[in-house]
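Right, one structure below, let's go through it.
The values are calculated or read from the model by the stated rules, or taken from the named source; none is laboratory data. Fair warning: this is a prediction, and the values are worked out from it, not measured in the lab. Note: ideal-geometry Cβ built from the backbone for every residue, glycine included; neighbour counts use all protein chains shown.
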Amino acid sequence: MVYHVIGVMSGSSLDGLDIAFVELEEQGGSWQHKILEAACFAYQDSWEERLMNPAGLGAIDYVKLHTEYGHYIGEAINQFINDKGLAYRVGLITSHGHTAFHFPGSFSSQLGDGAAIAAETGLPVVSDLRCMDVALGGQGAPIVPIGEKLLFAKHRFFLNLGGIANVSFNGGTYYDAFDLCPANKVLNLLSELRGKKFDEHGEMASVGRIHEILLDQLQALEYYQAAFPKSLGNEFGTDVVFPMMMNFALSIEDKLATYVEHIAMQVAHGISQIIARRSIVISNEKIMITGGGAFNRYLISRIEAQLKPYSLEVEVPDQATVMYKEALIMALFGVLRWREEENVMSSVTGASRGSVSGALWMGGE
């Protein structure tokens with residue numbers, strides 16, 4: 001069976017709205033994929049400001065933003081379809097939305113009303129991807145591992161370097177995945193203090209010096225001592241980590257270098273937790289790294305150094321996969337929902353059972 005689907009993802013780093021038109025084919029339980037078209041719609045300053053701190057809104061303003069952002073996503077998809085000549089070729093849309101609140105074990109809320117997207121596009125839309133898992137007692141995250149398991153079966157280890165860094169391990173009969181630490185979100189906040197959107201290739205970090213006291217304080221944060229499954233909300237980076245770093249009178253370069261080292265150390269720590277729990281033997285294996293942080297050469301070099309003791313090599317795939325892997329997996333997530341097949345794994349989230357997650361909005365005109 002072949003499906004042509006649009007997947008939409010807005011990450012916590014607020015670099016833009018990722019849209020991917022993909023072909024997914026299933027034969028005998030085996031899945032193949034192609035990213036046929038993709039684009040990132042950069043947020044205008046007005047939208048970036050509105051999405052940056054929705055937690056401060058009252059209930060009415062929050063619901064208003066949820067609806068208006070849904071219409072914005074729908075309009076962006078329509079533009080994408082028009083620009084790429086995809087009229088009448090799209091069978092389904094899956095939109096992750098933009099995470100506003102994420103409190104594991106309690107609730108998770110993503111902005112971007114699926115009904116508004118369906119109304120704008122006239123196409124079926126799957127949204128609200130995390131709510132069912134949370135209702136079942138799960139973390140509601142990560143949800144990407146189902147796509148890693150089905151679309152990238154030749155790999156066992158995965159690392160996503162987005163606004164938040166997360167790691168996954170495919171153990172065959174089980175699957176481990178959890179959030180490691182804030183990543184690009186904090187690096188970008190620091191870079192903005194130098195008037196830059198981000199630290200291109202890690203150039204500023206590469207000339208900085210690691211501050212051991214700050215590094216030790218970061219490493220000692222309570223979240224890092226907890227066992228998985230576990231997950232993070234954006235506020236951990238913005239309200240805990242970033243203010244901690246601003247308490248130190250250091251150059252931006254030194255802060256960036258220190259935080260890059262922290263990310264690399266947390267990647268290694270996450271791998272060590274998986275190895276210890278599962279008694280894994282690694283021999284000439286690679287970890288696939290995707291997300292915007294995969295383009296940060298200095299960060300990748302520090303991760304490589306931290307992973308050497310584990311005999312785990314770094315692999316950065318093609319640019320389309322690096323940039324749009326999450327949008328691709330959102331597309332698959334929606335297809336599984338359409339087929340009424342499990343798309344969230346309880347072994348990853350800690351829920352009482354796996355689930356068929358996502359609200360389906362029929363947008364036919």
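Taking into account only those residues within region 111-137 that are in contact with a strand residue (DSSP E or B) (Cβ under 7 Å, 6 or more places away or on another chain) and of a type in the set (Gly, Ala, Ser), which is surrounded by the fewest Cβ atoms within 10 Å (Cβ to Cβ)?
Ala115
Is it true that Leu250 is at pLDDT 95 or above, in a loop (DSSP other than H, G, I, E, B) and either over 18 Å from the mean Cα position of the chain (by Cα) or assigned by TED's automatic domain parsing to the domain that holds Leu193 (or both)?
Values: at pLDDT 95 or above: yes; in a loop (DSSP other than H, G, I, E, B): yes; either over 18 Å from the mean Cα position of the chain (by Cα) or assigned by TED's automatic domain parsing to the domain that holds Leu193 (or both): yes.
Answer is yes for this residue.
Listed residues Glu304, Glu285; which is outside the structural domain of Pro104 (by TED's automatic domain parsing), within 22 Å of Leu218 (Cα to Cα) and charged (D, E, K, R)?
Values: Glu285 fails: within 22 Å of Leu218 (Cα to Cα).
Matching residue, one of Glu304, Glu285: Glu304.
Of the conditions (1) at pLDDT 95 or above; (2) touching a Pro at 6+ places or on another chain (Cβ under 6 Å); (3) assigned by TED's automatic domain parsing to the domain that holds Met9, Leu129 clears all except one; give me its number.
Of the numbered conditions (1) at pLDDT 95 or above; (2) touching a Pro at 6+ places or on another chain (Cβ under 6 Å); (3) assigned by TED's automatic domain parsing to the domain that holds Met9, the odd one out for Leu129 is (2).
Given the conditions (1) out of contact with any Pro (no Cβ under 7 Å at 6 or more places or on another chain); (2) assigned by TED's automatic domain parsing to the domain that holds His269, and given that Asn166 satisfies all but one, which numbered condition is not satisfied?
The single condition Asn166 does not satisfy is (1).
Counting only residues that are within 22 Å of Gly172 (Cβ to Cβ) and either modelled with pLDDT of 95 or more or not in a loop (DSSP other than H, G, I, E, B) (or both), how many does region 268-297 have?
15
Pairs, please: C-beta under 9 Å, at least 6 apart or cross-chain, first residue assigned to a helix (DSSP H, G or I) and in region 311-323, second among the polar types (S, T, N, Q)?
As it stands, the answer is Thr321/Thr290; Val322/Thr290; Met323/Thr290, since those pairs meet every condition given.
Collect the residues in region 221-233 that are among the polar types (S, T, N, Q) and either part of a loop (DSSP other than H, G, I, E, B) or crowded, with 19+ Cβ neighbours inside 10 Å (or both), keeping them in residue-number order.
Quick first cut of region 221-233, residues among the polar types (S, T, N, Q) only: 225, 231.
Ser231, the sole residue that qualifies.
Pick out the one residue from Ala249, Ala268, Ala276, Ala226 that is hydrophobic (A, V, I, L, M, F, W, C) and in contact with a helix residue (DSSP H, G or I) (Cβ under 8 Å, 6 or more places away or on another chain).
Values: Ala249 fails: in contact with a helix residue (DSSP H, G or I) (Cβ under 8 Å, 6 or more places away or on another chain); Ala276 fails: in contact with a helix residue (DSSP H, G or I) (Cβ under 8 Å, 6 or more places away or on another chain); Ala226 fails: in contact with a helix residue (DSSP H, G or I) (Cβ under 8 Å, 6 or more places away or on another chain).
Unique residue meeting the criteria: Ala268.
If you scan region 195-215, which residues turn out to be in a helix (DSSP H, G or I) and loosely packed, with under 15 Cβ neighbours inside 10 Å? Write out each step before concluding.
First, the residues of region 195-215 that are in a helix (DSSP H, G or I): 200-206, 212-215.
Passing the criteria: Glu200, His201, Glu203, Glu212, Ile213.
Quick one: Glu192 ticks every box in (1) under 17 Å from the mean Cα position of the chain (by Cα); (2) over 26 Å from Ser311 (Cβ atoms); (3) not hydrophobic (A, V, I, L, M, F, W, C) except a single one, so which number is it?
Result: Glu192 passes all but (1).
Write out, first by first residue and then by second, each pair whose Cβ atoms fall under 8 Å of each other, whose residues are 6+ apart or on separate chains, and whose first residue, in region 336-365, is at positive phi while the second is assigned to a strand (DSSP E or B).
Filtered contacts from region 336-365: Gly358/Thr94; Gly358/Val126; Gly358/Ser127.
For region 336-365, which positions are surrounded by 14 or more Cβ atoms within 10 Å (Cβ to Cβ) and of a type in the set (S, T, N, Q)?
Asn343, Ser346, Ser347, Thr349, Ser355, Ser357
In region 5-15, what count of residues is obtained for those that are modelled with pLDDT of 95 or more and touching a Phe, Trp or Tyr at 6+ places or on another chain (Cβ under 7 Å)?
Result for region 5-15: 1.
Going residue by residue through region 37-53, is there one that turns out to be surrounded by 20 or more Cβ atoms within 10 Å (Cβ to Cβ) and touching a Lys or Arg at 6+ places or on another chain (Cβ under 8 Å)?
So far as region 37-53 goes, no, none of its residues is surrounded by 20 or more Cβ atoms within 10 Å (Cβ to Cβ) and touching a Lys or Arg at 6+ places or on another chain (Cβ under 8 Å).
Only one of (1) touching a residue at least 24 places away in the same chain (Cβ under 8 Å); (2) assigned to a helix (DSSP H, G or I); (3) farther than 30 Å from Ser279 by Cα is not met by Leu218, so which one is it?
It is condition (3) that Leu218 fails.
Confirm whether Phe236 is farther than 16 Å from Ile303 by Cβ, in contact with a Leu (Cβ under 7 Å, 6 or more places away or on another chain), in a helix (DSSP H, G or I) and not assigned by TED's automatic domain parsing to the domain that holds Phe103.
Spelling it out, it is not the case that Phe236 is farther than 16 Å from Ile303 by Cβ, in contact with a Leu (Cβ under 7 Å, 6 or more places away or on another chain), in a helix (DSSP H, G or I) and not assigned by TED's automatic domain parsing to the domain that holds Phe103.
Does at least one position in region 335-347 carry a residue that is under 22 Å from Tyr175 (Cβ atoms), of a type in the set (Ser, Thr, Tyr) and in the same structural domain as Gly137 (by TED's automatic domain parsing)?
Yes, the conditions are met somewhere in region 335-347.
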